[in-house]
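Shown next, in structure tokens, is the structure this report addresses.
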Amino acid sequence: MTVSQKIASLLLETKAVKLSPEQPFKWSSGWNSPIYCDNRVTLSFAEGRTFIKKSLAKAIKKHFPDATLVAGVATAGIPQGALVADALGLPFAYVRPKPKEHGMGNQIEGRIEKGQKVVVIEDLISTGGSSLKAVDALREAGIEVVGMVAIFTYGFKVADKNFADKGVKLVTLSHYNSLIDQAIAQNYISADSLESLKKWRRNPEKWGV
């Protein structure tokens, strides 16, 4: 089993994936979706958590060996990023969606220095909008973003375009097609749910509107 298949299987086994075609989920992008993938659930399972941590660390060593800092995207990227930074022996910081409205007013939490090379950790990529806001904040602080590693991506073309436009290399451990293949193999989804997912995948912006 590949890493992608293993991660997909893990998401299903831990029930991190929710299907609800009749009562769709509303994403932060505004899209309606019959599927919701909550990777934070995997943090409650030691074996799966460790596998994800090691897989993220290996991906960083392979694709971004010059990284000198790990930054998690708040909130779901914080625990994964901290685990990975610890595994790699690198400094860690995290990025809020916007600056705090009290205290120091920080958007980036942690000790950072201009010129550091950061790899950003995210749990999931849909359109990439919120993830790339973190990239903008890091760049504005004088940090060089060498790339981003995420656990899962839905593989939308709009996300590919958004990352390309920002000049950010994205590496993901697993993706939507692996998830659906594993869901079918494990009888996790019904024929009706599969048809809803196919229709949604073809036109996610308009589905359920």
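Please figure out what share of the DSSP beta bridges in the chain is antiparallel and state it in percent, rounded to the nearest 5.
Numbers: 7 of 28 bridges.
Here the antiparallel bridges make up roughly 25 percent for the chain.
Pairing the Cα long axis of helix 77-88 with the longest principal axis of the chain, what angle in degrees results, from 0 to 90 and rounded to the nearest 10?
Taking Cα atoms only, the helix is inclined about 60 degrees.
Could you work out which residue, out of T75, T172, T153, moves most in a Gaussian network model of the chain, that is, has the largest mean-square fluctuation with Cα springs under 10 Å?
T75
For segment 86-209, what proportion of DSSP beta bridges, expressed in % and rounded to the nearest 5, is antiparallel?
Values: 2 of 15 bridges.
DSSP beta bridges in segment 86-209 are roughly 15 percent antiparallel.
Can you tell me which aspartates and glutamates have their Cα less than 19 Å from the Cα of K114? Leave out same-chain residues fewer than eight positions away.
D66, D136, E140, E144
What list of ³J(HN,Hα) values in whole Hz, one per residue of segment 10-21 in order, does the Karplus curve 6.51 cos²θ - 1.76 cosθ + 1.60 (θ = phi - 60°) give from phi, with Gly and Pro shown as x?
Computed from phi, the couplings for segment 10-21 are 5, 4, 6, 4, 8, 6, 6, 9, 10, 10, 8, x Hz.
Pick from G147, G110, G128 the residue whose mean-square fluctuation is largest in a GNM of the chain, springs joining Cα atoms under 10 Å.
Evaluated over the chain, the most mobile residue of the options is G110.
Could you order peptides 43-56, 187-200 by the average number of other Cβ atoms within 10 Å of their residues, highest first? Mind showing how you got there, number by number?
Details: 43-56: 16.5, 187-200: 14.6.
Ranking the peptides 43-56, 187-200 by packing returns 43-56, 187-200.
If you add up the charges near L124, with Lys and Arg at +1 and Asp and Glu at -1, over every other residue whose beta carbon is less than 12 angstrom from its beta carbon, what do you get?
Value of the local net charge: -2.
For segment 58-103, report the convex hull volume of the alpha-carbon atoms normalised per residue, in Å³, without decimals.
Values: hull volume 4.1 nm³, N = 46.
Cα convex hull per residue, to the nearest whole number: 89 Å³.
To the nearest 10 degrees, how steeply does helix 191-202 sit against the main Cα axis of the chain, on a 0 to 90 scale?
Compared with the principal axis, the helix lies near 50 degrees.
What size of dipole, in debye to the nearest 20, comes out for the chain about its Cα centre when the only charges are +1 on Lys and Arg C-beta atoms and -1 on Asp and Glu C-beta atoms? Spell out each step's value before the answer.
On the way: 28 positive and 20 negative charges, 43 e Å.
Charge dipole, the chain, about its Cα centre: 200 debye, nearest 20.
Sum -39500 (n - 2.57) across every DSSP H segment of at least 4 residues in the chain, then divide by the residue count to get the 222 nm mean residue ellipticity, nearest 500.
Numbers: 7 runs with 85 residues, N = 209.
When only DSSP H runs of four or more count, the value is -12500 deg cm²/dmol.
For a 29 Å ceiling on Cα separation, which of these pairs sit above it: K98/K199; K61/K198; K15/K157?
On the way: K98/K199 34 Å; K61/K198 35 Å; K15/K157 27 Å.
As for pairs spanning more than 29 Å Cα to Cα, those are K98/K199; K61/K198.
Compute the relative contact order of the chain as a whole-number percentage, counting only Cα pairs closer than 8 Å that sit 6 or more residues apart in sequence.
Working: 357 pairs, mean separation 47.0, N = 209.
Computed over the chain, the figure is 22 percent.
Mean-square fluctuation check for the chain, GNM, Cα pairs under 10 Å: which of R111, R96, R40 is largest?
R111
Please label the shape of segment 140-209 as rounded, prolate or oblate, based on the square roots a ≥ b ≥ c of the eigenvalues of the alpha-carbon gyration tensor (a/c under 1.5 means rounded; beyond that, a/b larger than b/c means prolate, else oblate).
Values: a/c = 3.97, a/b = 1.90, b/c = 2.09.
Here segment 140-209 falls in the oblate category.
Normalised radius of gyration for the chain, please: alpha carbon Rg relative to 2.2 N^0.38 Å, two decimal places. Mind showing how you got there, number by number?
Working: Rg = 17.2 Å, N = 209, 2.2 N^0.38 = 16.8 Å.
The value comes to 1.02.
By how many degrees, between 0 and 90 and to the nearest 10, does the Cα long axis of helix 129-140 differ from the longest principal axis of the chain?
Taking Cα atoms only, the helix is inclined about 10 degrees.
Which value, in debye to the nearest 20, describes the size of the charge dipole of segment 108-209 about its Cα centre when Lys and Arg Cβ atoms bear +1, Asp and Glu Cβ atoms bear -1, and nothing else is charged?
Values: 14 positive and 13 negative charges, 57 e Å.
Using Cβ point charges on Lys, Arg, Asp and Glu, segment 108-209 gives about 280 debye.
Here, each number is a calculation from the coordinates, and none is a lab measurement. These figures come from a predicted structure and were not determined experimentally. For neighbour counting, all protein chains shown are included, and Cβ atoms are generated from backbone atoms with ideal geometry for every residue, glycine included.
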